[in-house]
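*Asks:* Before we start, here is the structure in question, set down as structure tokens.
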Amino acid sequence: MPQQENFYLNTTPIPATEVLKVAATPTAVILFEDFPLTDMPQAFDTSFAALFPVLVQAGINPIAAPFALHHRLPTDTVTFELGIAVDAPLTQEITADNGLVVKPSELPGGDIARLSYLGEYAGLGPAWSRFLQGLIDAGKQLAFPFWEVYVSDPSQAVDPATMRTDMYTLLES
């Protein structure tokens, strides 16, 4: 996958919370609104299978690992995007073979905080809590959205303890 030099999503693991200012990044996404939280694993499987053929069809290249971007805190439902940062914006919505609609979107620009988590996906909830509480304790004002980038591919046979997910949140400027 092509990578932009000095692009904030293409980094080595981030062992301590970092705050930086970034530009908005075009993405191709599938949006789920008020989606049942318990059905999220199926959404991931069907979305990423649909997304990559659509990008090929559109002549657009991924420039980072896939992500999930959350528009609000999850309850029994969640509103989120599953997608990937791309080298050029989609010019229109495209319906994938499985019926999912791939839409143009973007990762927000502005002040963000980030931190890498290494471990099984089951540990992501507590990792998010520690990350966000640390920002609050440091006097940062959290904003929406927040997102996680799945640097490690779970379909590859790897040790779950080494799976890397980078956590990001927008901050009030």
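The values are calculated or read from the model by the stated rules, or taken from the named source; none is laboratory data. Here the structure is a predicted model, which means the values were calculated and not measured. Quick reminder, even Gly has a Cβ in these numbers, built from the backbone with ideal geometry, and neighbours come from all protein chains shown.
*Asks:* Please go through region 108-134 and pick out each residue that is assigned to a helix (DSSP H, G or I) and aromatic (F, W, Y).
*Replies:* Result: Y121, W128, F131.
*Asks:* Kindly indicate whether any position in region 97-113 is small (G, A, S), out of contact with any helix residue (DSSP H, G or I) (no Cβ under 9 Å at 6 or more places or on another chain) and within 26 Å of Q133 (Cβ to Cβ).
*Replies:* Looking for residues that are small (G, A, S), out of contact with any helix residue (DSSP H, G or I) (no Cβ under 9 Å at 6 or more places or on another chain) and within 26 Å of Q133 (Cβ to Cβ), one finds at least one in region 97-113, hence yes.
*Asks:* It is to be established whether one or more residues within region 49-61 are part of a strand (DSSP E or B) and in contact (Cβ under 8 Å) with a residue 40 or more places away in the chain.
*Replies:* Looking through region 49-61, none of the residues is part of a strand (DSSP E or B) and in contact (Cβ under 8 Å) with a residue 40 or more places away in the chain.
*Asks:* Now a separate question. Can you run down the residue pairs with Cβ atoms below 7 Å, 6 or more apart or on separate chains, where the first is in region 130-156 and under 20 Å from E81 (Cβ atoms) and the partner is of a type in the set (D, E)?
*Replies:* Partner pairs satisfying both residue conditions: A143/E172; E148/D166; V149/D166; V151/D166.
*Asks:* Moving to a separate point now. Would you check which residues across region 122-173 are closer than 22 Å to P74 by Cα and among the polar types (S, T, N, Q) and list them?
*Replies:* S129, Q133, Q141, T165, T169
The rows are residues; the columns are (1) part of a loop (DSSP other than H, G, I, E, B); (2) crowded, with 18+ Cβ neighbours inside 10 Å.
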{"site": "T11", "(1), (2)": "yes, no"}
{"site": "V19", "(1), (2)": "no, no"}
{"site": "Q42", "(1), (2)": "no, no"}
{"site": "E81", "(1), (2)": "no, yes"}
{"site": "A85", "(1), (2)": "no, yes"}
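*Asks:* Also, quick follow-up: Could you run through region 21-40 and say how many residues are surrounded by 13 or more Cβ atoms within 10 Å (Cβ to Cβ) and polar (S, T, N, Q)?
*Replies:* 2
*Asks:* Looking at (1) buried (at least 18 other Cβ atoms within 10 Å of the Cβ); (2) of a type outside the set (G, A, S); (3) under 17 Å from P145 (Cβ atoms), which one does V54 not meet, given that it meets all the others?
*Replies:* (3) is the only condition that V54 fails.
*Asks:* In region 135-162, which residue that is modelled with pLDDT under 95, part of a loop (DSSP other than H, G, I, E, B) and touching a strand residue (DSSP E or B) at 6+ places or on another chain (Cβ under 7 Å) is surrounded by the fewest Cβ atoms within 10 Å (Cβ to Cβ)?
*Replies:* S152
*Asks:* Which of the numbered conditions does R72 fail, given that it passes all the others? Conditions: (1) in a loop (DSSP other than H, G, I, E, B); (2) free of Cβ contacts under 8 Å to residues at least 40 places away in the same chain; (3) touching a Phe, Trp or Tyr at 6+ places or on another chain (Cβ under 8 Å).
*Replies:* Of the numbered conditions (1) in a loop (DSSP other than H, G, I, E, B); (2) free of Cβ contacts under 8 Å to residues at least 40 places away in the same chain; (3) touching a Phe, Trp or Tyr at 6+ places or on another chain (Cβ under 8 Å), the odd one out for R72 is (2).
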